[in-house]
Protein chains: 2
Amino acid sequence: MIVKDIKTITFEDNSAYPGVDKQIYIGSRDGSAEIAMRYFSVKPGQSTPYHSHPFPHLVKIEKGKGILLDKDKKETPLEVGKVVYVNDNEMHCFKNAGNEPFDFICVVPDRGEK
Amino acid sequence: MIVKDIKTITFEDNSAYPGVDKQIYIGSRDGSAEIAMRYFSVKPGQSTPYHSHPFPHLVKIEKGKGILLDKDKKETPLEVGKVVYVNDNEMHCFKNAGNEPFDFICVVPDRGEK
């Protein structure tokens, strides 16, 4: 059993994705062998990659205004109070659509955090 | 890909656990075959069961003041800004320690939501 203060959780090297900060709130380093809970903060004007991968995302918006792009680049607005499920191998992108950070929790199976 | 407004998510029948309301933010009904994200709200004076089970919990506190009990009933205070990892088969209990609802996100593998 581990209790952590999120203020003490360091930022990962996420330099491959400029403008996107990442923390692993709970993951394999905590003994969580199956699931990882990550926190992402996307700066204004930035976005996560438009991509797909063979694992799902369970997302809960925490702060700011965003846009979700689907496989057809259809846009869905996102803000606090919304949750998103992205299936395995679905194209997706989370874009900041505001002037403040756009933050969300993103849960993945452990293989998505390797 | 599914986007949901949490205000539209119904409450589960959680009558086996009085004083604890439960919503499944994302789960198998949404096509999430591996992981479920649930939201719990524990009323003042109430708690989740003191128990263990063969799956982990990944918890993020959302509201209120709580106490986590471990296998020795040692108490750890919980509030917004804390995350908790409970391993498979560890005894645990989440108690409301305040006068307002004590709420948290609790992520489990799908077998924990069957």
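The values are calculated or read from the model by the stated rules, or taken from the named source; none is laboratory data. Model, not experiment: these values are computed from the prediction. Positions of Cβ are backbone-derived with ideal geometry, glycine not excepted, and every protein chain shown enters the neighbour counts. Just the protein is used for accessible areas: all its heavy atoms, side chains included, with ligands, DNA and RNA removed. Shrake-Rupley method; radii C 1.70, N 1.55, O 1.52, S 1.80 Å.
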Efficiency of FRET between A:Phe11 and B:Glu12 - r from beta-carbon atoms, R0 45 angstrom, step 0.05:
0.80
Could you check the spin-label model distance between B:Gln23 and B:Glu79? Points 7 Å from the Cα along Cα→Cβ, value in nm.
2.4
Where the convex hull is taken over the Cα atoms of chain A, what is its projected area averaged over directions, in nm²?
7.0
In order over segment A:4-19: 3J(HN,Hα) from phi, Karplus 6.51/-1.76/1.60, θ = phi - 60°, whole Hz, x for each Gly or Pro, gives 10, 8, 4, 5, 8, 8, 6, 8, 6, 6, 10, 5, 5, 10, x, x
Shape metrics for the protein assembly as shown, restricted to C-alpha atoms - Rg then Dmax, Å
17.1, 53
Between chains B and A, what is the buried accessible area in Å², counting both sides, with a 1.4 Å probe and ligands, DNA and RNA left out, to the nearest 100?
3200
Residue by residue through segment A:49-57, the couplings from Karplus 6.51 cos²θ - 1.76 cosθ + 1.60 with θ = phi - 60°, in Hz, x for Gly and Pro, are x, 8, 7, 9, 6, x, 8, x, 10
Computed about the Cα centre, the charge dipole of the protein assembly as shown from +1 Lys/Arg and -1 Asp/Glu charges at the Cβ has a magnitude in debye, to the nearest 20, of 260
Nearest-20 debye value, chain B charge dipole, Cβ charges on Lys, Arg, Asp, Glu:
160
Segment B:53-114 - Rg over Rh from alpha carbon coordinates, Kirkwood radius
0.97
Which of the residues in segment A:19-67 lose at least 40 Å² of accessible area when you go from the chain alone to all protein chains together (probe 1.4 Å)?
A:Ile26, A:Glu34, A:Ile35, A:Met37, A:Leu58, A:Lys60
Which entries in A:Lys74/B:Lys22; A:Lys22/B:Lys73; A:Lys82/B:Lys114; A:Lys114/B:Lys63; B:Lys4/B:Lys60 show an alpha-carbon gap greater than 26 Å?
A:Lys74/B:Lys22; A:Lys22/B:Lys73; A:Lys114/B:Lys63
Near the amide H of A:Phe55, under 5 Å away, which other amide H atoms are found, from residues 5 or more places off or on another chain, if H is placed in the peptide plane?
A:Asn89
Take each of the peptides A:23-29, A:10-16, average the number of other beta-carbon atoms within 10 Å over its residues, and list them starting from the highest.
A:23-29, A:10-16
Taking only protein heavy atoms and a 1.4 Å probe, what accessible area per residue, in Å², does chain B have with all protein chains in place?
47
Check: C-alpha center segment B:52-101 vs C-alpha center segment A:70-114, spacing in Å is 27
Explain nothing, just compute: Karplus ³J(HN,Hα) = 6.51 cos²θ - 1.76 cosθ + 1.60, θ = phi - 60°, for every residue of segment A:30-45 in order, whole Hz, x for Gly and Pro.
9, x, 7, 7, 9, 9, 10, 10, 10, 10, 10, 10, 9, 6, x, x
